[in-house]
Amino acid sequence: MRVLNYLEIESRLDRSGIGTSTDQQRAALARTDVEVLTSPWEGGTPPSALRSALSGTDFFRDYEVAHCNLIGPGSLAVARHAKRNDIPLVLHSHVTSEDFAESFRGSNYVARPLRYYLRWFYSQADLVLCPSEYTKRTLLDYPIDAPIRPISNGVDSDSLEGFEQFREETRAEYDLDGLVAFAVGNVFERKGLTDFCKLAERTDYEFVWFGPYDSGPQASKTVRYWLRNHPDNVTFTGWMDDKRSAFGAGDVYLFPAKKENQGIAVLEAMACGKPCILRDIPVFREFYEHEYDCLFCETQEEFAEALDRLADDPDLRQRLGENARQTAAEHSLDRVGERLVSAYEEVTTV
């Protein structure tokens, strides 16, 4: 089977969860018999495809299934081509209006009209894939007029191998000592930035957010505020060339996110055996279990108490970490590949 697995503006999304998820889909499919194309355009780019079309050949390449991971004009062009040519169309819902809010400047104003566009766009699909049952319920509320199937983003454990060797070097680079609470990913208020910083204010632990941030015009007021006024025990590292540095240096993964469709970095932390403290939200309840592979918290007091528990109880840290590894193993790329192939087979046999 020849499948298009397309992510428009891919070069600009290499530091995003959407980019990571798409990379993991392709890595998972590489373990199957599916032939994957990453560009729909003849010649690899729209200009080269236009030249091909002017010379009498096709604008689009040949594929049996079109799988798009974004919602912009490139994906819309692929969707229209697929519908005109009876090519099964799979749209991956990495974006919802709920998780778009509290990200970039002005995102809260865009989120509501975005919902109407997403309802129309996703409803064109023969099948909508999404990372969780939580996301499926969200889309059903829009409502989306297409079948919806949850498939975990998975975790690429191979990409994390050797993370331990980065511990001393990274801790020395950022002058870290003692128990380090950390988060990984883009710095957004939706991911719990304010709670992360306020929790640091009331504790003596080191807090580190490993990941890119925007302090320019696109950044929200909240992000700009905390970048300028963060507590002394909070460090924002910016982009890490090797994510293993983050997972090597940190001790407790602390993620007070308000909205997530799944949270790939949580699975990565678990794959590294890190004890996790997570906000008690539905999507995390779907995948994880309190006191087994993580600790769930709601208030600042609960987050602080959970950190103290882990700091004082190395056996608890070890138990949660070991169980977390087992949970992460349930989201292997082998399983992701199997489920993707099953989805493609379903839409091609209807």
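Observations on the structure shown:
- Computed over region 232-295, the alpha-carbon pair-distance distribution with 5 angstrom bins reads 4, 16, 28, 24, 17, 10, 2, 0, each value a whole percent.
- Per-peptide packing, taken as the mean over residues of other Cβ atoms within 10 Å, places 153-159, 267-273 in the sequence 267-273, 153-159 from highest down.
- For the chain, accessible area per residue (1.4 Å probe, heavy atoms of protein chains only), Å²: 45
- Lysine pairs meeting the criterion (Cα under 24 Å, 8 or more apart or interchain), as found in the chain: 20
- One entry in [x] 17; [y] 25; [z] 31 is percent of Cα pairs over 35 Å apart calculated from the shown coordinates; its label is [y].
- The H on the amide N of residue 180, modeled in the peptide plane, is under 5 Å from the matching H of 251, 252, each at least 5 residues off or on a different chain.
- Highest-MSF residue in the chain out of 281, 148, 264 [GNM, Cα springs under 10 Å]: 281
- Computed packing ranks the peptides 174-184, 218-228 as 174-184, 218-228, most packed first, by mean other Cβ atoms within 10 Å.
- Trypsin sites (Lys or Arg not before Pro) restricted to DSSP loop in region 1-90 with at most 15 other C-beta within 10 Å: 15, 31
- Residue among 97, 116, 344 farthest towards the positive dipole end of the chain, charges placed on Cβ: 116
- Values of log10 I(q)/I(0), in the order q = 0.19, 0.20, 0.22, 0.23 Å⁻¹, for region 63-173 under a Debye, Cα-only, solvent-free model: -0.95, -1.02, -1.16, -1.23
- Accessible carbon and sulfur surface of the chain relative to its total accessible area, %, 1.4 Å: 46
- Whole-Hz couplings from phi, Karplus 6.51/-1.76/1.60, listed for region 332-348; x for Gly and Pro: 5, 5, 4, 5, 4, x, 4, 6, 5, 4, 4, 5, 5, 5, 5, 6, 8
- Principal axis extents of the Cα atoms in region 283-350, from largest to smallest and rounded to whole angstrom, are 55, 24, 12.
- Taking each residue as 0.36 nm, the span from residue 286 to residue 346 lengthens on full extension beyond its C-alpha to C-alpha distance by 19.1 nm.
- Length released on extending from residue 309 to residue 142, taking residue separation times 0.36 nm less the Cα-Cα span: 56.0 nm
- Summing Cβ point charges (Lys, Arg +1; Asp, Glu -1) relative to the Cα centre of region 185-296 gives a dipole of roughly 480 debye.
- In the chain, Cα pairs under 8 Å separated by at least six residues give a relative contact order of 17 percent.
- Dipole of region 1-91, positive end: most advanced residue of 32, 68, 9 [Cβ charges, Cα centre]: 9
- Cα-based equivalent ellipsoid of region 223-350: semi-axis lengths in Å, sorted from largest, via gyration tensor: 30, 19, 15
The values are calculated or read from the model by the stated rules, or taken from the named source; none is laboratory data. All figures in this text were calculated on a predicted structure; none of them were measured in a lab. We place every Cβ from the backbone using ideal geometry, glycine too, and count neighbours over all the protein chains shown. Just so you know, the surface numbers come from the protein's heavy atoms only, side chains and all, with ligands and any DNA or RNA stripped out. Shrake-Rupley method; radii C 1.70, N 1.55, O 1.52, S 1.80 Å.
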